[in-house]
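Each reported figure results from applying straightforward, stated rules to the coordinates on display, with no laboratory input. In this text, all values refer to a predicted model and were calculated from it rather than measured experimentally. Here Cβ is always computed from backbone atoms with ideal geometry, including for glycine, and neighbour counts include all displayed protein chains.
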Amino acid sequence: MGTKGREIVGLDIKKLLELLNKAYADEWLAYYQYWLGAKVAKGPMKEAVIAELTQHAADELRHADMVTMRIIQLGGTPVSKPEDWAKYSNCGYDAPNDPDVEKLIEQNIKGEQCAIGVYKSLLDLTVNKDPVTYNIVLQILQDEVEHEEDLQALQEDLEGMLRRSHK
Ligand code: FE
Ligand code: FE
Ligand code: MG
């Protein structure tokens, strides 16, 4: 990274890099959880659920890209081994072993809620300290908030449908 670009970061860069690497590991695991969930999904409104999970998988991979570019720019090294993702991750990985759409949505809502917390903390840490990281984190947070909203809307539609069908 350029010397002036580094100089304007009013934070401990080593600590920031650790947090960015944790978020980076989260994004890969979120990507894979959505990607595989979209392949195995079964149940009512399957098509709509698959479309949403597939779109979110693409978003999570884009987030991994955004975070890794900033890690490299700051002079850091992105987590290089997939087997370390779970170790670094904040939000972990919830395997889509049950293909039921309701279960998948529930697991992914939990993941999004964790991600929202992670990016809110990074936003609070970088505000007025590191505008470049702040801007990246803000864009990702906006996506995660939308992801949670989309999944909860799907969950409501599904519940409504199941309620009506049991009458
Ligand atoms: Fe993400
Ligand atoms: Fe997300
Ligand atoms: Mg969506």
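Just how many % of Cα pairs in the stretch 1-62 lie over 17 Å apart, if you round to the nearest whole percent? Above the 17 Å cut-off, the stretch 1-62 has 56 percent of its Cα pairs. Only the Cβ atoms of Lys and Arg (+1) and of Asp and Glu (-1) were treated as charged; on that basis the dipole of the stretch 14-165 about its Cα centre amounts to roughly 540 debye.
Pairs of Lys residues in the chain, spaced 8 or more positions apart or belonging to different chains, with C-alpha separations under 19 angstrom: 18 in total.
Between the helical axis of 101-126 and the longest alpha-carbon principal axis of the chain there is an angle of about 20 degrees.
The residues packed around residue 107, meaning those with a beta-carbon under 12 Å from its beta-carbon, carry a net charge of -4 if Lys and Arg are +1 and Asp and Glu are -1.
Let me have the 222 nm mean residue ellipticity of the chain computed from DSSP H runs of 4+ only, each contributing -39500 (n - 2.57), with the sum over all residues rounded to the nearest 500.
Details: 6 runs with 126 residues, N = 167.
Estimated from H runs of four or more residues: -26000 deg cm²/dmol.
The convex hull drawn around the Cα atoms of the chain, when projected onto a plane and averaged over every direction, covers 9.6 nm². Reported to the nearest whole Å, the Cα centre-to-centre distance from the stretch 91-121 to the stretch 1-26 is 26.
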